[in-house]
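Here is the structure we will look at.
The values are calculated or read from the model by the stated rules, or taken from the named source; none is laboratory data. Here the structure is a predicted model, which means the values were calculated and not measured. Note that each Cβ is placed from the backbone with ideal geometry, even for glycine, and that neighbours are counted across all protein chains shown. We work out accessible area using only protein heavy atoms, side chains counted, and drop any ligands, DNA or RNA first. Shrake-Rupley method; radii C 1.70, N 1.55, O 1.52, S 1.80 Å.
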Amino acid sequence: MKTVRHLLTTNDISAGEVRELFKMTKQMKKKPALFRNKLGGKTMGLIFEKPSTRTWISFQAGMAQLGGSAIYLGPEDIHLGRREAIKDVARVLSRYLDVMVYRTFAHNRVEEFAEYSNVPVINGLSDFSHPCQALTDFFTIEEKIGGLKNLKLAYVGDANNVFLSLLALSVKMGIMFSYATPEEFAPDEKNIRQKRELARQTGAKIEGSFQPEEAVKNADVVYTDVWISMGQEEGAVEKRKQFMNFQVSMPLLKKAKPNVLFMHCLPARRGEEVTDEVLESKHSIVFDQAENRMHVQKALLLKLLGK
Ligand code: CP
Ligand code: NVA
């Protein structure tokens with residue numbers, strides 16, 4: 001049986017491969033014309049059970065730029081698991097497509113899908129992981145700062161899929177990851193313990209607290225994401241109250257390094273996790289970050305499709 005390479009979490013890629021991917025992304029971003037037909041005749045499936053702007057369009061446009069094509073299937077199209085078992089759809093689509101991007105709710109759905117797929121599956125976001133986002137974020141930081149050495153990345157907000165992916169990639173790449181969440185929404189302790197053990201081997205550091213000011217102190221990058229993720233709207237009113245002191249505002253950003261970069265995976269809820277002023281400030285690199293989704297994913301597609 002042929003082994004198929006998937007990207008379900010950042011665990012599926014080594015630190016060396018991340019560096020290679022970034023090198024390739026840099027080349028492709030600089031000279032896109034050189035890669036124009038690399039995936040000619042290939043077709044990508046985009047299976048989305050949640051809405052998307054960046055992930056959908058950056059993958060579809062990126063595939064077109066590489067000479068391939070893409071088919072989008074939205075939440076109303078195939079009713080994965082309801083109209084037909086996940087394992088059946090995965091096997092059928094594998095016969096038509098060369099690569100699939102799947103955005104879903106519970107992470108075990110994308111795991112099951114990948115298990116039965118004979119072509120590479122890329123997780124386009126699950127409740128547990130958003131690997132393309134974290135890879136892009138690190139590429140963007142490297143592009144802006146020149147490297148990842150001695151970097152302090154501070155995350156303020158909900159310990160969600162984006163948080164978990166940034167944490168895991170920080171550990172892999174050996175940087176300092178400091179975070180602040182409300183006490184009730186702190187990340188799983190077992191996960192943090194495991195990551196701290198791994199960090200000992202990679203030189204990474206993890207600092208967690210319930211104090212945003214503490215987390216951002218001396219940070220090179222301050223990152224946040226929505227308090228209420230897609231599909232987690234239940235109890236949102238109460239949850240928002242608990243996050244009131246975790247908004248990234250100008251006074252909070254001032255506690256980081258003077259030239260701190262502000263990042264957000266987007267979409268942002270202006271006035272909730274971040275103020276308008278921060279998003280529009282000279283510190284904010286959110287649109288370069290969004291653009292880079294496409295460049296990084298183009299390199300990823302070439303890598304997964306063996307070109
Ligand atoms: N950041 C991100 O994944 O955005 P979308 O939900 O718009 O794809
Ligand atoms: N944490 C957010 C990220 C959106 C890109 C969500 O899952 O809705």
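Data for the structure
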{"read-out": "Those residues of segment 268-280 which are open to solvent by less than 20 Å² (accessible area, probe 1.4 Å) and either of a type outside the set (Val, Ile, Thr) or without any contact (Cβ under 8 Å) to a residue 40 or more places away in the chain (or both), in sequence order", "value": "Glu273, Val278, Leu279"}
{"read-out": "Evaluation of Lys307 against (1) more than 16 Å from ligand 2 (Cβ to nearest atom); (2) modelled with pLDDT of 95 or more; (3) not in a helix (DSSP H, G or I) (one fails), failing number", "value": "(2)"}
{"read-out": "Only listed residue being in contact (Cβ under 8 Å) with a residue 60 or more places away in the chain and of a type in the set (S, T, N, Q), chosen from Thr3, Thr25", "value": "Thr25"}
{"read-out": "Residue in segment 16-26 that is under 13 Å from Leu300 (Cα atoms), within 16 Å of ligand 1 (Cβ to nearest atom), assigned to a helix (DSSP H, G or I) and modelled with pLDDT of 95 or more present", "value": "no"}
{"read-out": "Within segment 69-110, considering residues that are in contact (Cβ under 8 Å) with a residue 60 or more places away in the chain and part of a loop (DSSP other than H, G, I, E, B), the one surrounded by the fewest Cβ atoms within 10 Å (Cβ to Cβ)", "value": "Phe105"}
{"read-out": "Residue count, segment 150-175 (criterion: β-branched (Val, Ile, Thr) and either in a helix (DSSP H, G or I) or within 13 Å of ligand 2 (Cβ to nearest atom) (or both))", "value": "2"}
{"read-out": "Matching residues, segment 291-307, being in contact with a Ser or Thr (Cβ under 9 Å, 6 or more places away or on another chain) and surrounded by fewer than 18 Cβ atoms within 10 Å (Cβ to Cβ)", "value": "Glu291"}
{"read-out": "Residues located in segment 215-250, provided they are open to solvent by 60 Å² or more (accessible area, probe 1.4 Å), away from ligand 2 (no atom under 16 Å from the Cβ) and touching a Lys or Arg at 6+ places or on another chain (Cβ under 9 Å)", "value": "Lys217, Asn218"}
{"read-out": "Residue list for segment 33-67, restricted to those being more than 13 Å from ligand 1 (Cβ to nearest atom), free of Cβ contacts under 8 Å to residues at least 40 places away in the same chain and either buried (at least 17 other Cβ atoms within 10 Å of the Cβ) or in a helix (DSSP H, G or I) (or both)", "value": "Ala33, Leu34, Ala64"}
{"read-out": "Condition met for Val119 (open to solvent by less than 30 Å² (accessible area, probe 1.4 Å), among the aliphatic types (A, V, I, L, M), more than 16 Å from ligand 1 (Cβ to nearest atom) and in a helix (DSSP H, G or I))", "value": "no"}
{"read-out": "Residue satisfying all of: in segment 122-143; charged (D, E, K, R) and surrounded by fewer than 24 Cβ atoms within 10 Å (Cβ to Cβ); nearest to ligand 1 (Cβ to nearest atom) among these", "value": "Asp127"}
{"read-out": "Selection within segment 251-267 - open to solvent by 30 Å² or more (accessible area, probe 1.4 Å), assigned to a loop (DSSP other than H, G, I, E, B) and farther than 15 Å from Ile145 by Cβ", "value": "Lys254, Lys255, Pro267"}
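To keep it simple, each residue is scored yes or no on (1) among the basic types (Lys, Arg); (2) outside any helix (DSSP H, G or I); (3) in contact with a helix residue (DSSP H, G or I) (Cβ under 7 Å, 6 or more places away or on another chain).
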{"site": "Met230", "(1), (2), (3)": "no, yes, no"}
{"site": "Glu238", "(1), (2), (3)": "no, no, no"}
{"site": "Asp288", "(1), (2), (3)": "no, no, yes"}
{"site": "Lys303", "(1), (2), (3)": "yes, no, yes"}
